[in-house]
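Some notes on the structure that comes next.
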Amino acid sequence: MLSIGKTLKAIGYGIMTIMTGKRWVMSFLGLLLATQATAAELRINQIQFVGSHNSYKQAMSWHWATLLGWLDADTAQTLDYEHASLAAQLDLGMRVLEIDVFYDPQSATFPVGHVQLIDMNSHCSPLRACLEQVRRWSDAHPSHIPIWIMFNAKDQPIPRLPEPTPFDARAFDSMDAVLESHWGDRMIRAADISGRQWPTLESSRGKVLFLLDEGDAKQALYDTGQPRPMFMNLPEDDPRAAVMVINDPLAEGERIRRLITAGFMVRTRADADTREARSNDTTRRDAAFASGAQAVSTDYYVPAAHFDSSYVVRLPTVARCNPVSAQAPCEVSE
């Protein structure tokens, strides 16, 4: 039989054990809640994800590829890539899409393609069809992280090929109307981003961010001073600048890192013109991820078997915490 002293000692030990256990549980719950709070406050510029370059592109038709190969083998080599459908890419985790559009004023449509006449095979055309495909996928996956959709307005004359219609103010107004009609209710708008204060990831799920990837002349046409659906690739000293396109992470990795630290969002490229895939060179890919650019585009989100190469650009998950702008603890899920 225990003495009274031993009994009291045992009771005291038990109480201490319970309290210690309780403190551990409370500490654990506190840490869990803090992690959840941090995750809830994670902003869209604090993640990193992968997407595709010229996302609509199917392989060139055999006759054009053969003819171009005879006339200019180097150029033919740079165009020797193709993509899965937009929905298939989104299923694979791509969250950056790039769409090249031409302008047809007679039908007020925007044909989708890469090079007039010779490289126009596309998974979707006109632009409305592409937007509808992405919208259907988004409606079926309403909690997805924001999808970037970038646009090139194609009107460059190329010798011996049909001359495209130049983009003018009317063309951009018409393009805006198409974007608004399909995504007006679920758009991250440049007008809502003040001082690069980005919305939280949780509040941005199911939405898109549109970006016009063009130089000074077309940007001047688009920049009317009024709110528009597409972000512009403005100079970094412009107070409205928020999203930048910097394609070469090897030459400009430090600049990208500086911009990310300053709150910008950046798209860069892990490969170009099939070079990295042909040589299985991951140097540019690694530099792109290390730069902190939120959006990393590639032609090879699946291994480049076309060139007997294992080159591929993927993350372990759809998105990860940004290596430059995110703070621990951090977790991204989709």
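Structural remarks
- Checked against (1) open to solvent by 40 Å² or more (accessible area, probe 1.4 Å); (2) at pLDDT 95 or above; (3) in contact with a strand residue (DSSP E or B) (Cβ under 9 Å, 6 or more places away or on another chain); (4) not small (G, A, S), E236 passes all but a single condition, namely (2).
- Scanning segment 132-172 for residues that are among the basic types (K, R) and in contact with a His (Cβ under 7 Å, 6 or more places away or on another chain) turns up just one, R135.
- Single residue of segment 295-334 satisfying the filter (open to solvent by less than 40 Å² (accessible area, probe 1.4 Å) and hydroxyl-bearing (S, T, Y)) that is modelled with the lowest pLDDT: S309
- Whichever residue in segment 70-101 is out of contact with any strand residue (DSSP E or B) (no Cβ under 8 Å at 6 or more places or on another chain) and of a type in the set (A, V, I, L, M) and, among such residues, is farthest from F307 (Cα to Cα): A87
- Restricting attention to segment 190-224, the residues that are open to solvent by less than 60 Å² (accessible area, probe 1.4 Å), in a loop (DSSP other than H, G, I, E, B) and under 23 Å from K154 (Cα atoms) total 4.
- Residue count for segment 165-180 satisfying the condition of being open to solvent by less than 60 Å² (accessible area, probe 1.4 Å) and over 18 Å from M120 (Cβ atoms): 9.
- If you go through segment 138-164 and keep only what is open to solvent by 30 Å² or more (accessible area, probe 1.4 Å), within 23 Å of L209 (Cα to Cα) and in a loop (DSSP other than H, G, I, E, B), you end up with H141, P142, S143, K154.
- Against the criterion of being open to solvent by less than 10 Å² (accessible area, probe 1.4 Å), within 30 Å of S194 (Cβ to Cβ) and in contact (Cβ under 8 Å) with a residue 40 or more places away in the chain, A288 does not qualify.
- Top-ranked residue of segment 259-276 - restricted to ones that are part of a helix (DSSP H, G or I) and in contact (Cβ under 8 Å) with a residue 40 or more places away in the chain, ranked as farthest from the chain's Cα centre (by Cα): T261
- Segment 101-132: number of residues that are open to solvent by 40 Å² or more (accessible area, probe 1.4 Å), small (G, A, S) and touching a residue at least 60 places away in the same chain (Cβ under 8 Å): 2
- Residue check for F167: among the aromatic types (F, W, Y), modelled with pLDDT of 95 or more, outside any loop (DSSP other than H, G, I, E, B) and within 19 Å of L211 (Cβ to Cβ): no
Conditions (1) farther than 17 Å from E82 by Cβ; (2) part of a loop (DSSP other than H, G, I, E, B), marked per residue:
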site: D281; (1), (2): yes, yes
site: Y300; (1), (2): no, yes
site: H306; (1), (2): no, no
site: L315; (1), (2): yes, yes
site: P323; (1), (2): yes, yes
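The values are calculated or read from the model by the stated rules, or taken from the named source; none is laboratory data. This one's a predicted model, so the numbers in the text were calculated from it and none came from an experiment. Here Cβ is always computed from backbone atoms with ideal geometry, including for glycine, and neighbour counts include all displayed protein chains. Remember, those area values only see protein heavy atoms, side chains included, never the ligands or the DNA or RNA. Shrake-Rupley method; radii C 1.70, N 1.55, O 1.52, S 1.80 Å.
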